[in-house]
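Values quoted throughout were computed directly from the atomic coordinates according to the rules given, and no laboratory measurement underlies them. All figures in this text were calculated on a predicted structure; none of them were measured in a lab. When we count neighbours, we look across all protein chains shown, and the Cβ atoms used for this are built from the backbone with ideal geometry, even at glycine.
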């Protein structure tokens with residue numbers, strides 16, 4: 001495939017990762033912070049941006065390590081350990097760089113970074129990238145799209161939950177219960193995007 | 001006396017894992033796989049076995065190594081132990097049941113970041129003896145499994161009219177318009193919400209009565 005058609009495919013994959021195959025509402029990745037940290041729009045915005053950043057770069061790093069280290073050595077089964085180490089090391093590295101260079105950004109994103117190492121969306125995106133056999137350029141699009149899709153979903157959820165704060169909800173449904181129902185309704189709405197993209 | 005203490009400790013582990021602080025409906029951990037694999041009962045059963053295997057053995061291993069693990073690299077060591085068992089499950093599935101491995105996709109690998117496993121290792125296994133850590137892991141996995149199986153049975157029955165792939169009498173017949181939405185992602189969210197609602201309400205009513 002030439003570069004041009006790859007970029008076109010990357011854009012299609014990116015858009016479909018945001019809307020039709022939203023990583024959170026279709027593949028349920030990153031549910032724990034989605035349920036736990038979606039009480040305020042501000043917090044979820046910070047978390048969302050941290051996810052976009054880490055997810056895009058770890059996807060790229062993992063693509064390189066998988067295709068240039070694991071495949072030639074025939075160690076595909078080793079990918080879980082390698083991916084998780086890459087992610088943890090990358091997050092640590094970003095934390096250190098941010099701490100030195102941009103205290104403001106560190107204050108905003110810093111608290112979320114350690115949380116991200118155990119966010120299944122990050123590892124999940126890397127694993128999907130391997131399973132679907134994306135090329136490098138498409139992987140960039142996929143990582144970016146998945147991150148944006150996650151951000152979109154968590155902000156929408158936080159906005160709705162802020163409105164819900166004063167509502168009367170049955171006792172057993174408070175907290176996770178009502179959040180899951182909202183997520184279900186959002187997933188229904190996102191199904192509406194199906195068929196918008198024909199490419200993939 | 002010591003024997004009695006041990007027994008009550010084990011009873012506590014069992015009731016905490018399965019009911020009192022059930023990982024799914026009480027602590028709301030490990031939701032990714034809960035929602036993703038419950039569209040078919042068979043997939044759910046394989047996933048539950050995989051999780052039980054990983055959780056109990058990694059809890060035991062973490063507990064066995066708790067004295068020789070430096071505090072500051074604890075999380076990383078735990079992650080690697082978990083990843084080790086997950087790789088075993090993944091390789092076995094790929095070798096003997098490639099079809100199942102394909103349909104579970106990345107969710108077997110995602111057991112590594114499943115918060116239940118990490119949570120039990122952190123909260124219990126790294127300060128308790130091996131036997132208890134193993135039991136704690138096992139019963140938490142059972143608590144996870146029973147909620148997942150409830151969800152999976154309803155999703156497959158309502159959505160496809162089958163159970164474990166077999167046609168069910170009423171639900172696969174012409175009188176039952178299949179609720180396709182149940183096997184799609186929104187169905188997963190709704191089903192989990194309903195199960196959480198019911199089980200939490202039962203739990204709360206019981207606690208009220210005890211007071």
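Dividing the helix sum by the residues of chain A, where each DSSP H run of 4 or more adds -39500 (n - 2.57), gives a mean residue ellipticity at 222 nm of -23000 deg cm²/dmol. Counting neighbouring Cβ atoms within 10 Å and putting the fewest first, the residues B:9, B:78 line up as B:9, B:78. Please identify, among B:107, B:166, B:124, the residue showing maximal mean-square fluctuation in a Gaussian network model of chain B using a 10 angstrom Cα cutoff. Between B:107, B:166, B:124, it is B:166 that shows the largest mean-square fluctuation. The long axis of helix B:74-96 is offset from the longest Cα principal axis of chain B by roughly 40 degrees.
As a proxy for reagent exposure, B:69, A:139 were ordered by neighbouring Cβ count within 10 angstrom, fewest first; the result is B:69, A:139.
Quick check: the distance between the Cα centres of the range A:47-81 and the range A:16-33, to the nearest angstrom? Their Cα centres are 19 Å away from one another. For the range B:28-210, a Kirkwood radius taken over Cα pairs fed into Stokes-Einstein (10 °C, viscosity 1.306 mPa s) yields D = 90 µm²/s.
FRET efficiency for the pair residue B:130 and residue A:115, taken as 1/(1 + (r/R0)^6) with r the Cβ-Cβ distance and R0 = 45 Å, rounds to 0.90. Which residues among the range A:1-16 fall inside the zone where the amide N is under 14 Å from a point 7 Å beyond the Cα of residue A:133, along Cα→Cβ? Correct set: A:1.
This ranking places B:67, B:74 by how few other beta-carbon atoms lie within 10 Å of each, fewest first, which gives B:67, B:74.
In the range B:51-103, the alpha-carbon atoms span a convex hull of 72 Å³ per residue. Between residue B:123 and residue A:69, the simple spin-label model (points 7 angstrom out along Cα→Cβ) gives 3.3 nm.
Would the protein assembly as shown count as rounded, prolate or oblate if I go by the C-alpha gyration tensor, calling it rounded below 1.5 in a/c and otherwise prolate when a/b exceeds b/c, oblate otherwise?
It is rounded, given that a/c, with a ≥ b ≥ c, falls under 1.5.
The angle separating the long axis of helix A:41-65 from the principal Cα axis of greatest extent in chain A is about 20 degrees. Mean-square fluctuations from a GNM of chain B, with a 10 angstrom spring cutoff on Cα atoms, peak among B:71, B:200, B:155 at B:71. Length available on full extension from residue A:193 to residue A:45: 0.36 nm per residue minus the Cα-Cα distance, which gives 51.0 nm.
Which residue, A:112, A:28, A:83, has the most motion in a Gaussian network model of chain A that connects Cα atoms within less than 10 Å? It is A:28. Only helices enter the 222 nm calculation for chain B: every DSSP H run of n ≥ 4 contributes -39,500 (n - 2.57), and dividing by all residues gives -22500 deg cm²/dmol, rounded to 500.
Value of Rg to Rh for the range B:46-136, rounded to two decimals, is 1.01; Kirkwood radius and Rg both from alpha-carbon coordinates.
The spacing between the range B:186-211 and the range B:10-28, judged by their C-alpha centroids, is 14 Å. Reducing the range B:119-179 and the range A:87-141 to their Cα centroids gives an inter-centroid distance of 31 Å.
Working note: Cα gyration tensor of the range A:108-200, eigenvalues times five, square-rooted, sorted largest first, giving semi-axes of 30, 19, 12 Å. Taking label points 7 Å from Cα along the Cα-to-Cβ direction, residue B:20 and residue B:209 give a separation of 1.8 nm.
The angle between the Cα long axis of helix A:136-164 and the longest principal axis of the Cα atoms of chain A comes to about 10 degrees, rounded to the nearest 10.
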